[in-house]
Amino acid sequence: MIHLAEIADQAFVLYPEDFTLYSRITHAFRELNKPLHIVGRSAHWDFIVKLVAARLGVTLLPRSVVEPLDREVYDVIPLSDRRLIWHLGLIWRKNSYLSHAARAWIAVTRDVLGGME
């Protein structure tokens, strides 16, 4: 595991300013009193990963995005900084109709993220 302070001097490929994760990362850098050096931005996880592969910089990605990455191509190190833990939930109205597409989405989410009840 690595702490954010250990990589704070790196060049980062991040998300647009209107992304929640961007706000959390910039807030964490302010708390560290460190400047954030952004060398690229994208709203697409796959493009961010390609920019990292091109050695433009490093990035911070959710675990669900990182897990399928080829470890022969990418070094993936878990971040130990509690300020950037991001728990999301999927909710829907209890005892109401769900379309086939919605039920399929819930099933895929359970498969990928597991443990949701």
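The values are calculated or read from the model by the stated rules, or taken from the named source; none is laboratory data. Note that this is a predicted model, so its numbers are computed, not measured. All Cβ positions, glycine included, derive from the backbone under ideal geometry; neighbour counts span all protein chains shown.
Being closer than 24 Å to L113 by Cα, at pLDDT 95 or above, surrounded by 10 or more Cβ atoms within 10 Å (Cβ to Cβ) and in contact with a strand residue (DSSP E or B) (Cβ under 6 Å, 6 or more places away or on another chain) is a property that does not hold for I38. Note on the stretch 16-107: enclosed helices (runs of 4 or more DSSP H) holding 2 or more residues that are polar (S, T, N, Q) are 20-32. Within the stretch 64-94, no residue satisfies the criterion of being at pLDDT 90 or above and not assigned by TED's automatic domain parsing to the domain that holds L51.
Take the stretch 58-93 and flag every residue that is β-branched (V, I, T) and farther than 21 Å from T20 by Cβ.
Those that are β-branched (V, I, T) and farther than 21 Å from T20 by Cβ: V73, V76, I77.
Could you say whether any residue in the stretch 86-106 is under 16 Å from F12 (Cα atoms), under 17 Å from the mean Cα position of the chain (by Cα) and aliphatic (A, V, I, L, M)?
Keep residues of the stretch 86-106 that are under 16 Å from F12 (Cα atoms), which gives none.
No, the stretch 86-106 contains no residue that is under 16 Å from F12 (Cα atoms), under 17 Å from the mean Cα position of the chain (by Cα) and aliphatic (A, V, I, L, M).
The residue of the stretch 64-85 that is surrounded by the most Cβ atoms within 10 Å (Cβ to Cβ), among those that are under 23 Å from F29 (Cβ atoms) and free of Cβ contacts under 8 Å to residues at least 12 places away in the same chain, is V66. Filtered by the rule that a residue be within 20 Å of R63 (Cα to Cα), exposed (fewer than 12 other Cβ atoms within 10 Å of the Cβ) and free of Cβ contacts under 8 Å to residues at least 60 places away in the same chain, the stretch 1-19 gives a lone residue, P16.
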